[in-house]
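One structure is given here, and the rest of the page talks about it.
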Amino acid sequence: MSPVDTTPAPRLVELSAGDLRARLDEALAVYVEAMDYPQGTEFHRAPMWTEHTGRPGWRGVAAFAAAPDGTESMIGVAYGYRGAPHQWWQQQVREGMRRTGADRNTIETVLGDYFELTELHVSPRAQGHGIGAALLRMLLAGRTEARVLLSTPEVPDEDNRAWRLYRRLGFTDVVRHFRFTGDSRPFAVLGRPLPL
Ligand SMILES: CC(C)(COP(=O)(O)OP(=O)(O)OC[C@H]1O[C@@H](n2cnc3c(N)ncnc32)[C@H](O)[C@@H]1OP(=O)(O)O)[C@@H](O)C(=O)NCCC(=O)NCCS
């Protein structure tokens, strides 16, 4: 007989913009640990995450795990918002699509009505149990946009959990090996129609 897992399932909750701002340190700690970024990265990201909470169509979700003493800690976080032409990310992706030869109609179709999945992170100790997928499904449920877009770092053979998750959920290529201004790493922009 295999051992029975008695660990309580994490609690998934919708975050208001105020909730995320109030728990920003916790959320950024999940992000820094999940992305394996150097400590201190959170100080650079905090103003940006705060500004994002004010964007039209912002939505956030989080996963909390209970400790034996009853306290809860955040182990996953995801958010996004409605894409718009004045946003830096959309302008970059538009340029990336142009450079790869996409015609105007295709660009307008892809960028005309989308939800940008801006952040999705699960603490390394909690990865591999379906929490990332569950957060993403919750975040996208009931969205009115025609599609969801995201960017993720390129990795050899698409061999990491983020890539496997996105491919499993049907995300396809929008732009590959794209370099956002100010970041030397190549990124992929992926997307899929909504609903999921
Ligand atoms: C990407 C990320 C958010 C995915 O979260 P996650 O909880 O690990 O992802 P999943 O929910 O899909 O689970 C991943 C694995 O668990 C398996 N799994 C899914 N549901 C499961 C379940 N109910 N029970 C057991 N295993 C399960 C999946 O098969 C998957 O295996 P694979 O990666 O070998 O294909 C997380 O790995 C992460 O934070 N990574 C680092 C940061 C990052 O890259 N973020 C995205 C940047 S764009």
Residue ID - most open to solvent (accessible area, probe 1.4 Å), chosen from residues in segment 127-142 that are more than 6 Å from the ligand (Cβ to nearest atom) and either of a type in the set (Ser, Thr, Tyr) or out of contact with any strand residue (DSSP E or B) (no Cβ under 9 Å at 6 or more places or on another chain) (or both): ARG137
Leading residue by the ranking (farthest from TRP49 (Cα to Cα)) among those in segment 95-121 that are among the acidic types (Asp, Glu) and within 16 Å of the ligand (Cβ to nearest atom): GLU116
Every pair of residues 6+ apart whose Cβ atoms lie under 9 Å, when the first sits in segment 101-118 and is within 19 Å of ARG59 (Cα to Cα) and outside any helix (DSSP H, G or I) while the second is of a type in the set (D, E, K, R) and open to solvent by 60 Å² or more (accessible area, probe 1.4 Å): ASP113/ARG82; TYR114/ARG82; PHE115/ARG82; GLU116/ARG82
Verdict on PRO124 being within 11 Å of the ligand (Cβ to nearest atom), open to solvent by 50 Å² or more (accessible area, probe 1.4 Å) and not polar (S, T, N, Q): yes
Condition met for GLN92 (under 26 Å from GLY182 (Cα atoms), open to solvent by less than 20 Å² (accessible area, probe 1.4 Å) and away from the ligand (no atom under 14 Å from the Cβ)): no
Test: residue in segment 21-39 that is closer than 29 Å to THR144 by Cα, surrounded by 15 or more Cβ atoms within 10 Å (Cβ to Cβ), within 15 Å of the ligand (Cβ to nearest atom) and hydroxyl-bearing (Ser, Thr, Tyr): yes
Close pairs (9 angstrom Cβ cut-off, 6 or more residues apart or separate chains): over 26 Å from ILE131 (Cα atoms) in segment 166-188, more than 14 Å from the ligand (Cβ to nearest atom) and among the aromatic types (Phe, Trp, Tyr) anywhere: PHE180/TRP88; THR181/TRP88
All positions within segment 147-157 that are more than 27 Å from PHE64 (Cα to Cα) and either in contact with a Phe, Trp or Tyr (Cβ under 7 Å, 6 or more places away or on another chain) or within 11 Å of the ligand (Cβ to nearest atom) (or both): ARG147, GLU154, VAL155
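The values are calculated or read from the model by the stated rules, or taken from the named source; none is laboratory data. If you're wondering where the values come from, they're calculated on a predicted model, not measured in any experiment. With ideal geometry, Cβ positions are generated from the backbone for all residues, glycine too; neighbour counts draw on all protein chains shown. The accessibility values were calculated without ligands, DNA or RNA, using every heavy atom of the protein model including side chains. Shrake-Rupley method; radii C 1.70, N 1.55, O 1.52, S 1.80 Å.
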